[in-house]
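One structure below.
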Amino acid sequence: MLKETFTTLAGKYTADLALTAQLWHFIEGRYTGKGRHYHTLTHLENLLLELQSCESHVADMDSVLFALFYHDVIYKSTAKDNEEKSANTAVLALSGIGFPQEKIEKCSAIILATKSHALSPDNDTNLFTDTDLSILGSNWEEYSVYFKNVRKEYSIYPDFMYNPGRKKVLLHFLEMEHIFKTEFFRDKYEKKARENLRREIEIL
């Protein structure tokens, strides 16, 4: 599903099938790389399903979809600039296929927004960051798999270092007036997400 979606999307802007295949190969290789446990192709598949569920609310689906494919393309748990590097990677790739400049800038801005998940004046950005957090509102079994996989990505750190940092992140979300920025996702996941976050904090 992902490869087909990306190929169709890129095909709207370039007829160079070899280039499209090369771009997909790079994306696939990154998301299946060693050390990835949560930020994988499965994560992208889940986000795609969430985006499809709210497609009627999205103004610029192509920019949002490219943001999906590139938002975690560069990921290292110990790095502080994953989003910036991912955005830069997207800019280079999308420039190469002739994606319009204003759309490239929007795609880049969406990727950068996943760093803080702050409220944006752009509704598409809010919808995307909400899909990125949708796992927080899943059932407890899925949520447990999620936080255990995140822990694996930070396996370099012992519990006494990891747990306080993880707790700080969870409390950050709980202290927000709304975890989800859009009414669509707030209605769908807000209550369950808060329950899951509190439950994980109790475990830490």
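Taken together, the values in this text are just the output of simple stated rules run on the coordinates, not laboratory data. Just so it is clear, the model here is predicted, and its values are computed rather than measured. No Cβ is skipped: glycine too gets one built from the backbone with ideal geometry, and neighbour counts run over all protein chains shown.
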(request) Quickly work out the LYS192-to-ASN123 label distance, labels modelled 7 Å from Cα along the C-beta direction, and quote it in nm with one decimal. (result) 2.4
(request) Return the calculated 222 nm mean residue ellipticity for the chain, to the nearest 500 deg cm²/dmol, obtained by summing -39500 (n - 2.57) across DSSP H runs with n ≥ 4 and dividing by the residue count. (result) -21500 deg cm²/dmol
(message) If N is the number of residues in the stretch 2-203, what value comes out of its Cα radius of gyration divided by 2.2 N^0.38 Å?
(response) 1.02
(request) Fewest Cβ neighbours within 10 Å first, please rank TRP140, TRP24 accordingly. (result) TRP140, TRP24
(request) Taking 7 Å along the Cα-to-C-beta vector as the label spot, tell me the VAL145-LEU17 distance in nanometres, rounded to one decimal. (result) 3.5
(request) May I ask you to compute the full-extension gain from HIS57 to ALA79, defined as 0.36 nm times their residue separation minus their alpha-carbon distance, rounded to one decimal in nm? (result) 4.6 nm
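Report the trypsin sites (Lys or Arg not before Pro) located in the stretch 12-46 that are in a DSSP loop and have at most 15 other Cβ atoms inside 10 Å of their Cβ, or state none. It would help to have the intermediate numbers written out before the result.
On the way: sites: LYS12, ARG30, LYS34, ARG36; in loops: LYS12, LYS34, ARG36.
Sparse-neighbourhood loop trypsin sites (Lys or Arg not before Pro): LYS12, LYS34.
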(message) For a quick check, take a GNM of the chain with Cα springs below 10 Å and name the residue from VAL169, VAL58, VAL150 with the largest mean-square fluctuation.
(response) VAL169
(request) Step through the residues of the stretch 14-26 one at a time and calculate ³J(HN,Hα) from phi using the Karplus curve (6.51 cos²θ - 1.76 cosθ + 1.60, θ = phi - 60°), rounding each to whole Hz and writing x for Gly and Pro. (result) 9, 9, 7, 5, 5, 5, 4, 5, 5, 5, 5, 4, 5
(message) Given Cβ point charges of +1 (Lys, Arg) and -1 (Asp, Glu) and nothing else, what value in debye, to the nearest 20, does the dipole of the chain about its Cα centre take?
(response) 780
(message) Please compute the modelled spin-label separation between LYS34 and LYS167, points set 7 Å along Cα→Cβ, answer in nm with one decimal.
(response) 3.4
(request) Quick one: what are the phi-derived ³J(HN,Hα) couplings along the stretch 192-203, Karplus 6.51/-1.76/1.60 with θ = phi - 60°, whole Hz, x for glycine and proline? (result) 5, 4, 5, 4, 5, 4, 5, 5, 5, 4, 5, 6
(request) Measure nothing fancy, just the Cα-based angle from helix 82-96's long axis to the longest principal axis of the chain, in degrees from 0 to 90, nearest 10. (result) 10
(message) Rounding to the nearest 10 and keeping the result within 0 to 90°, find how far the Cα-based axis of helix 41-53 lies from the longest principal axis of the chain.
(response) 80
(request) Would you order SER116, SER86 from fewest to most other beta-carbon atoms within 10 Å of each residue's own beta-carbon? (result) SER116, SER86
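Sort the following peptides by mean Cβ neighbour count (other Cβ atoms within 10 Å, averaged over residues), highest first: 193-204, 97-108.
97-108, 193-204
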